């Protein structure tokens, strides 16, 4: 999926767990199926109730420490489970980064290309509002260009991505996509107090049980900043009436909605070409997000 991946193996995980977590030495290590693998980590079951998360690319290398630092304080305020680490692992056995052992949560993910479940939209909106309401003073600020910062910091990457998409038929008008991006860029920046954001409330990071929200996982984009990236879950995660339900429940002002559309566009436009051959499902999700934003703004 990435040119510079470091892929952990079951044998490596076994050695790390035995050396650093001897209390779990008797638990089998089992890779998760490829169809549940995301972009940043390789996952392994550790017995029945734990998961080992091994970053596979350098930009994700700080997530284990971030989760261990911040999730214990956030979890009590949130109306669904979050993966508070049970162990923060150290580099070793030739593996270069920190890693984590987190609880396994039984359930499934919503449809990867969009859910029309309005009750789920209300539940995720309640989770989002609760997260944004947690005191954010002292939380980690986001670096320029990452979700939660002004959109203008992503402009160069988006313009370059638009150029790379020329010559491909991805099912949308590139000129219209550029006009939509310009409209998002023109929205006023967030001038309120920074809030906690998850930053990636897309279907693969939600666990549902009997259709209801049970857990929100993968906090690699966690930080404090503009709430717009979490508002963008209306586009990333929902379709039809459920999209309207989520948007109405989180109640963004017009400028925040435009920035949310921008945070749906930016990773989609950059991701379509990046994942075109290595992760086609992610590329298709990006195409659908661009189409959804164009339907909203044109």
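Taking the chain as the reference, fit the longest principal axis to its C-alpha atoms, fit the long axis of helix 240-250 to the helix C-alpha atoms, and give the angle between the two in degrees, 0 to 90, nearest 10. So the helix axis and the longest Cα principal axis differ by about 80 degrees.
Between residue 168 and residue 122, the modelled labels are 3.9 nm apart [label points 7 Å from Cα along Cα→Cβ].
Spin-label model, residue 37/residue 183: points 7 Å from Cα along the beta carbon direction are separated by 3.9 nm. When DSSP beta bridges are restricted to pairs lying wholly in the chain, around 85% turn out antiparallel.
Once the mean of 1/r is taken over each pair of separate Cα atoms and inverted, the stretch 10-103 shows a Kirkwood hydrodynamic radius of 13.7 Å.
Rounded to the nearest 5, the antiparallel percentage of DSSP beta bridges internal to the stretch 49-198 is 90%. Working from Cα positions, state the angle (0 to 90°, nearest 10) between the long axis of helix 174-185 and the longest principal axis of the chain. Helix 174-185 sits at roughly 80 degrees to that axis. What the Cα convex hull of the chain gives, in volume per residue, is 124 Å³. Entry note, the stretch 10-103: relative contact order of 25 percent, from Cα contacts under 8 Å with a spacing of 6+ residues. The distance from the alpha carbon centre of the stretch 193-234 to that of the stretch 38-107 is 16 Å, rounded to a whole number. Taking the C-alpha atoms only, the angle from helix 118-133 to the longest principal axis of the chain is near 80 degrees.
Counting alpha carbon pairs within less than 8 Å and at least 6 residues apart, what relative contact order, in whole percent, applies to the chain?
19 percent
How high is the relative contact order of the stretch 165-298? Use alpha-carbon pairs under 8 Å, at least six apart in sequence, and give a whole percent.
Normalised by residue count, the contact order of the stretch 165-298 is 26 percent.
Distance from the C-alpha centroid of the stretch 237-290 to that of the stretch 121-144: 18 Å, rounded to the whole angstrom.
Packing, taken as the mean count of other beta carbons within 10 Å per residue, orders the peptides 255-263, 177-185 from highest to lowest as 255-263, 177-185.
What FRET efficiency do you get for residue 157 and residue 255 if R0 is 25 Å and r is their Cβ-Cβ distance, rounded to the nearest 0.05?
Given R0 = 25 Å and the Cβ-Cβ separation, E is 0.70.
FYI, it's all coordinate maths here, none of it is from the lab. Keep in mind that what you see is a predicted model, and the values were worked out from it rather than measured. Positions of Cβ are generated from backbone atoms using ideal geometry, with glycine treated the same way; all protein chains shown enter the neighbour counts.
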